[in-house]
Amino acid sequence: MTTNTAKKVISLFAAITILTLISVTTANAQTVPAEDPYLGIIPAPASVKKVAGAFIFSAQTPIKADWPADKAVVFLKNYLKDSRHFNNKIAKHNPKVKVSAGLVLTSYGADKLPAEGYKLTITPKKITIVGKGAGLFYGIQTLIQLMPVQLSAREKLPCVTIEDAPRFGYRGMMLDVSRHFFTVPQVKQVIALLAAYKLNTFHWHLVDGQGWRIQIKKYPKLTEVGGYRQQTMYGNNRDWPDSLSYGGFYTQDDIRDVVKFAADRFINVIPEIEMPAHSDAALRAYPELRCQPDDPKNPSRSISGIYCPTEETFTFLENVLTEVMELFPSKYIHVGGDEANKQPWKESAFVQNLMKEKGLKDEKEVQSYFIQRMEKFINGKGRTMIGWDEILEGGLAPNAIVMSWQGEEGGIAAARQHHNVIMTPQTTGNYFDHYQSGSPQEPVSFGRYAVLKETYEYDPVSKQLTPDEQKYVMGTQGNLWTEYVPTMAKLQYQILPRLFALAEVAWTKPENKNYDNFADVRLANHFGRLEAMDYNYRVPTPFAVIDTILFGNKFTYTPQSVVPGAKIYYTLNGRDPLDTDLQYVSPVTIIIPANEKREFKARVITPSGRRSIATRVLMYNRPLIPATVYANGKPGLKYKLVKGRFTSPDQLDYVTLTDSATTDKLNAEVLKKDNPYFGIVYDGYIDIPEDGSYNFSQASYTDTQLFIDGEKLTETEYVLPLAKGLHKIKVKYIYQAPVQTPGSRVRQTPLHIYMIEPGEAAKGEIEAGSLFY
Ligand code: ACM
């Protein structure tokens, strides 16, 4: 078959990369930051007025509180004793008697403060925190952040007046304990961290296909059977599934213990009981709640675990939720509702009949019927239902809150319907299971990557909403799904420091946010605290750009780390640096002889021994590759195709490519319809718009080879200095249709070649007009 209508994407990625790194490598010296207007506090407070002087806190500092038994005050007392070795007594404060020295915690004057607000004043003699309930607690958290990381008998606190209150009333983080189970002390550690950063909601994803984690007394098999799976790893093509039992669950006493621990820190715990899908664990325990029996010969059917919308199911779920609501005082109850594969409903006579009976026109309306019934039950108990944004499909339940995760669209649509929304899009850095950079050195994680800055820069209030609609945005949260989070160390790595950025998004008004101050200055205080607590975290790399290639003959490097006491090591021999390599002390200048290459690799190692991933700059002293003189090019590319099974694009050099045609773009998708396997070679010229370094990458280097002017681009050498004009381009690509056997690893990557032009700032598709033959 030949065609000249093939269409395919060459996406032109825009690129900040090269320019940013050039400035990093040549410009800055390791500077001591200018005085920090926020005194290292995260999230940045609404107003900070620093004055000269300091308060010295010691074991002799008198402390007075309106209510010494108030939970915020008790928290401070315990913190001083357990974390700082101060056993100060806390006496009762009488607002009518003026206190001239010491620390005063009072609600006197708090009525004038915004919700959850506080005022903290430090003078050389006296510290006053004015606040009530959560406000007082947050004032205490700010005070704690002002205490030095290092313990001493006399701790110096800067004199300052801080007035502060949150931007959003809902500030959350979700933890999935189904894919991997975390114990009560581990869950408490996460909650304590949320509280320290002024988040007020812990969304506990207690139920999913991989495990039911909450004891329900009426249905003991939920945890006896559903709490365990015969597989320690979450299977995908990187982790080989075993057949060992894995699991765990929380007793109802455990749940009460966690809920109290959270409430003592002004954190509301929202339980999530997934329905109608993500319910395999429950359905393993109670298979009678399925529409059809499980089909062991068809495992893909087994993962579509969805309840059948029978009266038996509704009774079961109402009984479950009754016990759940007895354990969780939360006003909000989350019922999931996401990613329901409705095939079992399509194949069920019961469901098809139900649709006729209830006048439901499709399975989405069945889901809406399901969720609306549950909402009625939840509302009847005086609670409000939350669901993931799929609950919009088929009609939103009347009082539901929508948690927007697929993107911002669900939240926007719900706000326009005057429903409250919580913004936690997977597209804006709120998914903490995503990688933290594009480097292959990152530990195995999920899907795309979301760098710290992306999390930080997100604004939950979409500009697409009118001021009236914006009022429905309750706030934001980060989500940690735990398919690839089997340990506490990995959990900490995934959320830190992105949790700090989330806290600032949720708390701080946009006009007070400043990424550079956050990342380059204030994080130092918090990394110092994490080091002291021996928490894991992702150590920022010594350059913002992780891997790149630069052309030139002289380079100067000034790598930096915001982590207090961290050291930077580097190599010039291509190895990833260790603490036995060269230690960075002052700017490193490297001269590259003509037509030679060098590599500069660097990494940060912190005082506790934690390492950043290594950054790599390949420096190449070579001139621009001149353009080809080729006058009469016609738009498009030539290509040759051969129908055969190939395992490497190299093999295409040894066969005769039979079919030959032209195409306007690089695209093999059209050919796949008629060819279950083939190899193809494209040939022609690409028009380079200006002199510069062009960065090429491919979706899969095993399927595809790209040559520019005869040079093969690889995973480690993917940039070329190209002069303006036409350059030869050749692409070899092989394809085999996926074979549908479980566990098979098949080659099915579409042909993708990306190119970054110098100075580009947005992703775009190459115009068909830049290819010639
Ligand atoms: C989700 O991430 N499936 C809510």
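The values are calculated or read from the model by the stated rules, or taken from the named source; none is laboratory data. The shown structure was predicted, so the numbers you read here are calculated from the model rather than taken from an experiment. Positions of Cβ are generated from backbone atoms using ideal geometry, with glycine treated the same way; all protein chains shown enter the neighbour counts. In case anyone asks, the SASA skips ligands and DNA or RNA and just uses the protein heavy atoms, side chains included. Shrake-Rupley method; radii C 1.70, N 1.55, O 1.52, S 1.80 Å.
Points to keep in mind about this one:
- One residue stands out in the stretch 227-239 among those that are open to solvent by 50 Å² or more (accessible area, probe 1.4 Å), at pLDDT 65 or above and in a loop (DSSP other than H, G, I, E, B): the one that is farthest from GLN215 (Cα to Cα), namely MET233.
- Number of the exception - ARG448 against (1) at pLDDT 95 or above; (2) within 16 Å of the ligand (Cβ to nearest atom); (3) among the basic types (Lys, Arg): (1)
- Residue match in the stretch 84-105 (condition: open to solvent by less than 30 Å² (accessible area, probe 1.4 Å), among the small types (Gly, Ala, Ser) and out of contact with any helix residue (DSSP H, G or I) (no Cβ under 6 Å at 6 or more places or on another chain)): yes
- Search result, residues across the stretch 605-638 that are under 18 Å from GLY684 (Cβ atoms) and under 41 Å from the mean Cα position of the chain (by Cα): ILE625, GLY636, LEU637
- Every listed requirement among (1) open to solvent by 10 Å² or more (accessible area, probe 1.4 Å); (2) closer than 16 Å to TYR472 by Cα; (3) within 15 Å of the ligand (Cβ to nearest atom) is met by LEU396 save one, (3).
- Only listed residue being away from the ligand (no atom under 16 Å from the Cβ), at pLDDT 95 or above, polar (S, T, N, Q) and closer than 23 Å to VAL187 by Cα, chosen from GLN470, GLN492: GLN492
- Residue that is surrounded by the most Cβ atoms within 10 Å (Cβ to Cβ), among those in the stretch 403-418 that are within 13 Å of the ligand (Cβ to nearest atom) and assigned to a loop (DSSP other than H, G, I, E, B): TRP405
- Beta carbons closer than 8 Å, at least 6 apart along the sequence or on distinct chains, pair a first residue in the stretch 712-730 that is on the phi > 0 side of the Ramachandran plot with a second that is part of a strand (DSSP E or B) for GLY725/THR628; GLY725/ASP687; GLY725/ILE688.
- VAL421 being buried (at least 16 other Cβ atoms within 10 Å of the Cβ), within 16 Å of the ligand (Cβ to nearest atom) and free of Cβ contacts under 8 Å to residues at least 24 places away in the same chain: no
- Any chance GLN441 is assigned to a loop (DSSP other than H, G, I, E, B) and either within 10 Å of the chain's Cα centre (by Cα) or within 16 Å of the ligand (Cβ to nearest atom) (or both): no
- Members of the stretch 409-454 found to be among the acidic types (Asp, Glu) and either over 16 Å from ALA506 (Cα atoms) or touching a Leu at 6+ places or on another chain (Cβ under 6 Å) (or both), listed by number: GLU409, ASP433, GLU442
- Pair list, Cβ < 7 Å and 6+ apart or interchain, from the stretch 307-332 residues that are β-branched (Val, Ile, Thr) to residues that are open to solvent by 10 Å² or more (accessible area, probe 1.4 Å): THR310/PHE350; VAL320/TYR219
- Looking at the stretch 303-397, the helices (runs of 4 or more DSSP H) lying wholly inside it that each contain 3 or more residues that are over 17 Å from LEU289 (Cα atoms) sit at 311-327, 349-358, 363-380.
- Selection count where residues are within 15 Å of ILE214 (Cβ to Cβ), open to solvent by less than 80 Å² (accessible area, probe 1.4 Å) and either within 16 Å of the ligand (Cβ to nearest atom) or not aromatic (Phe, Trp, Tyr) (or both), scope the stretch 323-350: 9
- Tally of residues being open to solvent by 20 Å² or more (accessible area, probe 1.4 Å), aliphatic (A, V, I, L, M) and under 28 Å from LEU289 (Cα atoms) across the stretch 182-226: 1
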